[in-house]
Structures are given as structure tokens and as C-alpha cells.
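Data first, discussion second: the structure below is written as C-alpha cells.
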Amino acid sequence: MREKMQKNTFENLHYFRNPQIIQDFRDKIDEANSNFSVFDKPISIEAIPKYITPDGTVLNVDFENFNFPILIFDNDERKKIIISFSSGDRTKAVNGNLFVRWKYHKYFDAIYICIDSPMQKLFPKLSNSTPSWYLGTKNDDLCLLLSKFISKLSQIFKIDLEDITLLGSSAGGYAACRIGSLLNGCKVIAISPQLIITNWHEYEIFLSETGLHLENDSRNNIVNDIANSASKFFITFNWLSKRDTQFQLYPLLNKIGISPTDCYGLNNVSNINLWVHASCGESLHSAGIGKLEILWIYNLLNSNINTKSDLVSGFVKFYNELLNEKGKLELKLSRLTNEISVLKKHNNLTPPNLRNFYISKNYDAVIRNSFLDAERLFYTGMSFYRLKQYTKAVATFELLRVIDSKREFFSESLLGFSYFRQKQFSKAFEYFYNVWEKEKTYISTRNYLALKVLANKTLSPVDLLEFDKYKSGNKNLFLDVLDIVYPYLPKSNTADKTSLNYLIDIQYNLKLIRSKPSSDELYILIHPLITGKSLFGNREFNCDVLFIEQKQIYCYFMLFVPELLEQISQKISSYSYKKITILSTSAGAYFGILLGAHLSKELKASNIIVHAFSPQTSIDNNDNINKVTHYLELQKFKKYSFVAENIAKYGNLAPIIDKLGSNIKIHIYYGTEDKVDCFEANNLFKLNKDYIFEHAISGFPYHQSIFLWRYSEDQLPSKLSTMYATAGGNSSCTINVGQLIQIKRMFGGDLSDLLPHMINKK
């Protein structure tokens, strides 16, 4: 058995000799980021599976009249569960919740759950720095309740208790141990846990803030509970932490019959694995055991390896020495940082005024006079940045991060922008995310979302809500994000277009519905507005239908124009449609004509028919439509170069449709008494092309010419006010209901005349 284990170990070592494999592994374990969704509305425990995702979901779960905040990550296999409990220090809580070790979910092939303690809500006077051990109140035992909660989870996900691991350190370690003893059958990983609460130095503070006496409470001392449990425990202590050793470890050693002089290394007694190490560090209580150690412990507990074997015991003692050396190096770094700080305060050199050098753009002088001083390092890094020496800028700002402990000059944005200029988007995203988490400003949100896209990370539903949040006034977050992202999007046909296609999906909805049986005819229905409703989406069809909608920005479809046209043609080309009918109105009709021209060139075997109702035909410096609200909005977007370029190229339909083949027919419908629509239609009629057909509706004064086909005579009277409201002062007359019906009889029709495969005529 030992020889087999040694062989596997050496094989793994050989595997990790490849530097790229090591880097890939590091990238995988460091890529965790808070893309999780947040649901504030309380739910039942039975509803949890409906909400969980691999990217994480924050839920408030009501269970037996208590509310438990949890962060849960789904796993495809759902064979194991890991539950992480919060420690005592809540100073890093976000929005009132503390989810400790949530980034570890990437390590494990298990459903990963972080459960926060509701003790702050039970005791409002409890400070964020005081541990609370998930105790509950005098009459309500939270740990007992959580054991029932976890037992219920095991039933819901159909996972046995032996495949559930509880994880926690310090106060969270107490909770893991006690709940584990109550469950009888699970696995527990506890790092420097409190086992006797009244022995802990912060108990008196807890007592003064809560009034909860534990001296005669069964919840106080859990040493016997652990020893008598059927669960499997893996507990670690740092021998150098005297408050842990004397008051928590010693009682456990006494219970399991191990002398303090023999406890160093790994000890195994019945259901308890006890790892005692001696690790240096600034905080001895938390020194030593980190994420990689926890990963190793977890794999050990879930393997068939005998923890009592000489091989495992020898490895732990060897690893103990490594932990101690690691701690010594960390202490040396800390002392070096302090020495540099002292040196900075007492050096007698009067440095040149680097700020003046920097302001005058004398960047070389700044660099020549650099020193291990936070202020001078700041200007040195900025000088490297201005000189486009981004690698040196990164190195300088990384050093500044260590030296400037008070954060007088260092900002994570400095490193974020430097990595961004190096096109190291994943690294830049880490820093921009940290800035956004702290600030939540418009600028930090813009940078965070832009780098998230460039790092090929999917935006969460919460992220997308930010676009809606900043849609008013002069701020348009989506366009500002695109302004950063667009220059870096792939331009070649062979490039990876994941980010590009993702952005197109955010702006546009392309929904292709295939008919049964399959059809050789396609309808393309383009919605001109942003309403969340497809044009004629409530109808049914006996052919294939492609619905096209704008979702973020109303822009005459001027975002990603060539990319969008290409995506649409690729989406439908494989079906070899004989006939394609495009129908829309107003701004949607503008894009409908543009799309029809594109498809007529790309799909020469298809017959293209375009029905354009009251279209705008020029959106580039067109005074004729300078009172149209959406045209005025579009002009604001010209400040973005990528929008201005599309408008310059695609902003006038006349030259685009001037030379088309015989496979397209463009039908234009407009009211003769609407001055604006007449002018726009004539912009195309003057081309004198035999594939452009005029449908002039005599006497009709409104922009909504499609109403004469969309609604029956009985329905039209109720729409008259809508038509009048949308006229916008462009009509030279008004009409009454009788005149409207007469016009429909003479010039209108029914949608089925244009779309004969429409079968639902509601």
C-alpha cells in the first residue's frame, strides 16, 4: 500500500514540473470572484435548489422562525456538501453578511455553502470584533437548529451525512465542531477552534454585550461532545499560540489521553485527527493553516488513506517545519517594511521635489531620483506609466503596495490600469473589482464591468442591473463600458469573439423560432423600441420567425452594425430559406431596409421582401427629423467613436441600396400628410429603382402607418389618440374616426396580406 502511495505521489510531482501546468492551476484557484446573484426575499429551505448557480447565490433562508443568510455555489455532480462557518471577526462583513472562505468553492467538487451567523440581529449591541460562536439565545440553541438545517439539506440534495464536511476556524471552528457532534456522521475541519468558551479571553466582552452566561450552560464545553460523537474530526492547533494551547488544546489532550510532550505532529485517537504545529506569524492564533492546507485535509478525510500511517505522519512533521519557515519569512518581510518606514523618517537627504518634476512632465528626472519612499515611488510609478513602460510601472506599484501600509499614495486602481495597458485583463480585473467593492461609484462600476468583459467573465444579473441604474441624464454606463472595451474586441474572422458576441447579446435579442414541420420561409420582425416585447410576439406562424429587439440602448441599431449583420446572416444561412420577409416600422424599418440589403448580397439564393412602414432613411445630420426624440438621443451618442463610425458608414440608406440584385423588393408605406415621413420616403424613391415600391397613403397624417394593417376597423378608433400623440407636429392635418376608417378601406389591409403565414390574428 505504501509503495502504491509513493508511486502516485512521485507521478503527481512529475506532473507539476511543467511550469504552464502550475500556472494554470494557480489561475484556476485564484479566479474566484463575486459574480453571485443576491435574493433578499426570504425563502424556505425547500426552495434552495431553485436558486443556486455555479457562480454563487446569496439567499435568506427562513428555518423554524430564524433567518439564516447563506451563500451557496452549485456543483454539477452534487455528491458532496461543504459548509463554511464565519469566524468571530466581522469587520470585513459586506452588507451585513460575512461569508468566510467563499472563494474556496473553486477548489472542491462539492456544493459549497457559507452560512453566516444571525447573532448580530439577536444582540444589536454585539460589536463586529466580538466572537459569538453561533450560540443563539438563552432559550434558542442556534447550533442545534443548524444541525437540523443541515440534516434537512442532506435530505433535499439526497446526500448522506458522511459526505458533508463542516469547516470553520476560531469561533467558526467551535460551530463546526459542535454541529458536527450533533449530526453524528459528518466530517469536521476545525482550525484553532474554541472548545471551552469561558476559557477564551473575549468571553467577558461577549457576556457584557449579550448578557448570555455560559458557566453552567451545556454549550460551553464541547470536548466530551466531540470525543463521544460518531462524526470524524480533523482539528489543528498552533503550539506557539499560548491562549489556544493552554486553554483549548490541553483539555482535549487530557480527554483523548495524549501527553502535551507527545502531541506535536499528527495524532489519531478514535474519531479525532489532531494536527499540532508550531508556526511563526504576526497572529499566532491564525498562523499556519491556509487554503492549501485545508484542501489537503479535505482530500485526506475523503480518501481511503490511513491517517495513522507512518507516511502521513512523517509528511505532517516535515510540513510543520515548512510552515514554521514560511512564518519566519513573513515576519522578516513585516520587520523589513517597518525598517524601511523608520529609514524614511530619519534619512537626512532632502529629495528633489518629484511632484514638480512630474507635473512638468520631466519623467526621467523623477525616475533618477526615486527612493524607497511611498511618495517618491508613487511619482516614479506614474512616470513609468506616462512613458508607457507598463511592466516597470507594475513593479513599482507592487512595491508601493507593500511599503505604503497606510494607503496614503497607493491605490489598487494604479495596478489595475497598469495591468490593463499590458492587456493582462484578468489581473487588471482583480484590482478593479476590489476598487468597485469599496467605492461603488459610477467610474469604479464602469471600470469593473469593462474589465470583467475583457477578462471573458460573464456578467451576472446583478451586474446587468447597473446598466439600468445609470441610464438617465448624461450618463450611459453601457456605452461608457463599450468605449473602453471596443478597441480591444477581435476584428479578424479567426479571432475568439466570445467577448464580442456576449456584448451583442446584452444589446440585442435575436430569437429564432423554428416551425414544425420545417419551413423554407422566414419572417424577420424587428421591434423599433425597447419595451421587452417582440413585435407581433403574441402571434403564431406557420413558418420560421426571427424576432429582433434592442435591450439596452435605443440607437437605430447603430451598435455593432457589421457584427450584428454578420451574426444574423450566420444564424439563418444554414437553413437555406427560399423566401425571407422583413417587416418593421419607424427606426426598426430603417434597420429592416439595411438588413434586407445585406441579406440580398449574402444570401443570393433567397428572395428578400422588405415591408418598411414610415421609415427614417437617413440618421446622419438630417434636419428633417431633428424633432424626433430618438434621433436627438442618437446624436448624443456620437461622442463615442465606435457609434460615430457606424453612423458615418451606415447612416444613409440611399447609397447602401443603390445597387442591389434582382432578389430583393423593398415596399415603403407612408402617409402623404406626414411631412417628415414624405421627405424620408422620397430619399429612396428618387433613386428610381425597380425594386423599390411606393405605398403612399393619401390623406393619412400620422407616423403610425402600420396601424392601418395591424388593427381592424373596430379597433382603429381606440388607436386614433395614439396616432395623434406620435405625430409630433409633423402632420399638416388631423382626421376623425370616419375618415380614418375610410383611409383604411382604400389603402390599408391586414397583416395576413403581408405575412400570410400568420395564423393568430388577435
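The values are calculated or read from the model by the stated rules, or taken from the named source; none is laboratory data. Just so you know, these numbers come straight off a predicted model, no measurement behind them. Don't worry about glycine lacking a Cβ; one is built from the backbone with ideal geometry, like all the others, and counts go over all protein chains shown.
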Please find, within region 193-222, the residue that is farthest from the chain's Cα centre (by Cα) out of those that are surrounded by 14 or more Cβ atoms within 10 Å (Cβ to Cβ) and of a type in the set (Asp, Glu).
217
Of the residues in region 71-121, how many are in a strand (DSSP E or B) and farther than 24 Å from residue 139 by Cβ?
13
May I ask you to list pairs of residues, at least six apart or on different chains, whose Cβ atoms are under 6 Å apart, with the first in region 217-234 being closer than 17 Å to residue 194 by Cα and the second being basic (Lys, Arg)?
222/178; 223/255; 227/255
Residues satisfying the stated conditions in region 410-445, i.e. outside any helix (DSSP H, G or I) and under 19 Å from the mean Cα position of the chain (by Cα):
424, 440, 441
Residue by residue through region 549-579, note down the ones that are more than 16 Å from residue 594 (Cα to Cα), part of a loop (DSSP other than H, G, I, E, B), among the hydroxyl-bearing types (Ser, Thr, Tyr) and over 25 Å from the mean Cα position of the chain (by Cα).
574, 575, 576, 577
Somewhere in region 244-267, is a residue within 40 Å of the chain's Cα centre (by Cα), part of a helix (DSSP H, G or I), assigned by TED's automatic domain parsing to the domain that holds residue 108 and touching a residue at least 60 places away in the same chain (Cβ under 8 Å)?
no
Taking region 161-180 and keeping residues in a helix (DSSP H, G or I) and buried (at least 24 other Cβ atoms within 10 Å of the Cβ) leaves 171, 172, 173, 174, 175, 176, 177, 178, 179, 180
Enumeration of residues in region 117-160 that are of a type in the set (D, E, K, R) and either over 17 Å from residue 79 (Cα atoms) or buried (at least 17 other Cβ atoms within 10 Å of the Cβ) (or both)
121, 125, 138, 140, 141, 148
Quick one: residue 407 ticks every box in (1) closer than 29 Å to residue 466 by Cβ; (2) under 27 Å from the mean Cα position of the chain (by Cα); (3) not hydrophobic (A, V, I, L, M, F, W, C) except a single one, so which number is it?
(2)
Can you tell me which of 480, 468 is modelled with pLDDT under 85, not assigned by TED's automatic domain parsing to the domain that holds residue 56 and not in a loop (DSSP other than H, G, I, E, B)?
468
Determine if region 342-363 includes at least one residue that is modelled with pLDDT of 80 or more, over 27 Å from residue 427 (Cα atoms), in a helix (DSSP H, G or I) and among the β-branched types (Val, Ile, Thr).
yes
Which of the residues belonging to region 270-295 are surrounded by fewer than 16 Cβ atoms within 10 Å (Cβ to Cβ) and either touching a Pro at 6+ places or on another chain (Cβ under 9 Å) or modelled with pLDDT of 90 or more (or both)?
270, 295
With respect to residue 427, is the statement that it is buried (at least 16 other Cβ atoms within 10 Å of the Cβ) and among the charged types (D, E, K, R) true?
yes
What are the residues in region 199-226 that are among the aromatic types (Phe, Trp, Tyr) and part of a loop (DSSP other than H, G, I, E, B), if any?
200
Cβ-Cβ below 9 Å, separation at least six or inter-chain, first residue in region 298-320 and under 19 Å from residue 191 (Cα atoms) and in contact (Cβ under 8 Å) with a residue 12 or more places away in the chain, second of a type in the set (Phe, Trp, Tyr) and surrounded by 17 or more Cβ atoms within 10 Å (Cβ to Cβ): which pairs?
298/107; 298/108; 298/234; 300/234; 301/234; 307/234; 316/275; 320/275
Quick one: residue 744 ticks every box in (1) among the basic types (Lys, Arg); (2) part of a loop (DSSP other than H, G, I, E, B); (3) at pLDDT below 90 bar one, so which box is it?
(2)
